[in-house]
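Heads up, the thing below is written out as structure tokens.
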Amino acid sequence: MSAVPLETIEPSSGWKAKLELGYVARETRTVLAHRSRRGPLAVQRAFYPEGAVCHSYILHPPGGVVGGDELLINVSVDKDAQALLTTPGATKFYRSLGDKAHQVQRFTIAENACLEWLPQETIFFPGANAGLSTQIQLHALSRYIGWEVHCLGRPTNNERFESGQVLFSTDITRDDKPLYKERLFINGLGDLDALAGLNGYPVTATLIALPATDEVLQLVRQHCQNFTEQHKADGFAGATLLNDVLVVRYLGNSTELAHRLFRNIWLSIRPFVNGLDAVSPRIWST
Amino acid sequence: MTEVSSVPAAPEVSVSLMRLMQLTSPSLPVGAFAYSQGLESAVEIGLLTDLASSRLWIKNIMSQGLARLDVPIFYRLYRAWQALDEAELRSLNAQIFAQRETSELQAEDAHMGGALSRLLIDLGMTEAALWQRSEQLSFTTMFALAAVKWDIEINQAATGLLWSWLENQVAAAIKLVPLGQTDGQRLIGQLLEDIPALLVMAQQLPDDEIGSCLPMLAILSAQHETQYSRLFRS
């Protein structure tokens, strides 16, 4: 592991943090065979609550991101390896004085490998200026389950995302061909209230799982339907199957409800996606 | 050279303008009338109730959806058809499908694209056969081919692409919301004024920013896939 001491990073230019993780399948389990870091991004010691799958927590000790910061997370999961990543706390993007903050996560998942990316939410304070990009490169036979829960403004304090801007990008390729892509650009109240867009809701969340079948879709639709009936006033949920890519979306008022919905879905679809029973990361129960 | 000034000059009739009208006519046999693109579901949940809410909904999708995705890709497709750059055409066509939010929106584009490609082949545009039968073809990809082959100027064609989408959405709103025929015409008249500025924006969008995301539309379209009673296929 190579680490640059924190004091060598020039604070005026913002944190330039980079974390690289490489997971490799060994005889009995997946190990974190390669890691390198620069700046305030770190990974905790890997642990194995369910045998072969390597669980890791990614930490961002400053907790918040300000204008000019760059966070880069590169994860590669080699052939046959299985990794599950999560974060112990929400990532906060604070009001910017002008500079843009970037977070880029690149996942490369090899043949028969599986990555699960189950982080806590990202919160954008009013006035934040940020670009968030998730880029996933898949092999024809890779498996992935991941979610992202974003909160614009701080609804619990009645603070809307009235100023600032955020560009969310997702790009998934399989065998170098575009498989799934989206760009969500938020710039002011017009975008927050857009009827077909956020429709006035502060929380937008997406879960993607592949490969998925029609059986998985039926299961997830039931979750979404129950959820909508239970929490009618709090938002909407829907699921669709794009060939073998399951996409579940939540739009509503609560990051907690989004997480609850996605965790329940994850518990029931995991056996179908990667053949494993779901073991909740301990951190979820704290 | 003798002048034949006594014979009145033929009025400047533009064949390409008539071709554009043909391509954007609701009678183009691609089945566009069968698709509401989430509008039916938005009516079902009570989001669209009148002229004002219908205008906001359609305006939102036109500016944040089509003008950020279909239109900028259309400009690139048009140039790729001019150059017959097969690799670029395939890449752009694949990008469109990677961006369709739900399986019914993907199926809609593939149905309309397939129908237009069969029509264009029958009309003699052999380039439409570049793709295998098994491959998904976007309506926008085929619209760009027709525009190039019929010498429709690129901005005129892009205007037509947006206009025909708008006209079809308003037709769906008239049936579903429902709206009166006159309100429908009012709606088209108000929203088409946005088109010139949207084309300027679409042309300036850098490659990396092409794309859209409309979470409410995506969720409603996903719910529409299992909506109990429906008139439209999307």
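Computed quantities for the displayed model
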read-out: Euclidean distance of C-alpha centroids, the range B:23-52 and the range A:85-131, integer Å; value: 36
read-out: Cβ-placed point charges (K, R +1; D, E -1), dipole of the range B:127-234 about Cα centre in debye, nearest 20; value: 580
read-out: Cα gyration tensor shape of the range A:194-286, rounded if a/c is under 1.5, else prolate or oblate by comparing a/b with b/c; value: oblate
read-out: Scaled radius of gyration (Cα, divided by 2.2 N^0.38 Å) that the range B:31-184 gives; value: 1.08
read-out: DSSP-assigned coil residues among trypsin sites (Lys or Arg not before Pro) in the range B:91-169, each with at most 10 further Cβ atoms within 10 Å; value: B:R133
read-out: Global form of the range A:22-95, assessed from the alpha-carbon gyration tensor, a/c cut-off 1.5; value: prolate
read-out: The protein assembly as shown - share of DSSP beta bridges that are antiparallel (%, nearest 5); value: 45
read-out: Isotropically averaged projected area of chain A, using the convex hull of Cα atoms (one quarter of hull area), nm²; value: 14.7
read-out: Antiparallel bridges, percent of DSSP beta bridges restricted to the range A:56-159 (to nearest 5); value: 5
read-out: DSSP bridge pairs, chain A: antiparallel proportion in percent, nearest 5; value: 45
read-out: Under the Debye formula (equal points on every Cα, no solvent term), log10 I(q)/I(0) of the protein assembly as shown at q = 0.07, 0.08 Å⁻¹; value: -0.42, -0.54
read-out: Mean accessible surface per residue for the range B:87-173, computed with a 1.4 Å probe while every protein chain stays in place, in Å²; value: 35
read-out: Fraction in percent of alpha-carbon pairs per bin - 10 Å, the range B:119-234; value: 10, 28, 38, 23, 1
read-out: Range in chain A, longest, excluding exposed trypsin sites (Lys or Arg not before Pro) [loop by DSSP; at most 13 other beta-carbon atoms within 10 Å]; value: A:46-286
read-out: Within-14-Å neighbourhood charge of A:Q105 [Cβ basis; K, R +1; D, E -1]; value: -3
read-out: Nearest-20 debye value, the protein assembly as shown charge dipole, Cβ charges on Lys, Arg, Asp, Glu; value: 1120
read-out: Net +/- balance of residues flanking A:G63 in space, Cβ distance below 14 Å, scoring K and R +1, D and E -1; value: -1
read-out: Where the Cα pairs of the range A:83-222 fall when distances are cut into 10 Å bins, in %; value: 11, 38, 33, 17, 2
read-out: Computed over the range A:234-286: relative contact order in percent, which uses C-alpha pairs under 8 Å that are six or more apart; value: 21
read-out: Shape call, the range B:97-174: gyration tensor on alpha carbons, a/c limit 1.5; value: oblate
read-out: Protein accessible area in the protein assembly as shown, 1.4 Å probe - carbon and sulfur %; value: 51
read-out: Cut-off 12 Å between beta-carbons: net charge of the residues surrounding A:F236, Lys and Arg +1, Asp and Glu -1; value: 0
read-out: Theoretical gain in end-to-end length, B:V15 to B:I188 [0.36 nm per residue, Cα-Cα removed]; value: 59.8 nm
read-out: Calculated FRET efficiency for the pair B:Q181/A:D176, C-beta based, R₀ 60 Å, to 0.05; value: 0.75
read-out: Mean Kyte hydropathy of 0.0 or more with a Cα span along the axis of at least 30 Å, helices from DSSP in chain B; value: B:154-176
read-out: 18 Å reach of a label modelled at B:A52, 7 Å along Cα-to-Cβ, counting backbone N of the range B:171-186; value: B:177-180, B:183-184, B:186
read-out: Inter-chain shielding of B:14-24 (mean C-beta neighbours from other protein chains, 10 Å cut-off); value: 0
read-out: The range A:16-123, relative contact order [Cα under 8 Å, separation at least 6], %; value: 28
read-out: Interface size A-B, as summed buried accessible area [1.4 Å probe, Å², nearest 100]; value: 2600
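The values are calculated or read from the model by the stated rules, or taken from the named source; none is laboratory data. Just so it is clear, the structure is predicted and the values come from calculations on it, not from any experiment. Virtual Cβ from ideal backbone geometry, glycine too; neighbours counted across all protein chains shown. What goes into the accessible areas is simple: the full protein's heavy atoms, side chains included, and nothing from ligands, DNA or RNA. Shrake-Rupley method; radii C 1.70, N 1.55, O 1.52, S 1.80 Å.
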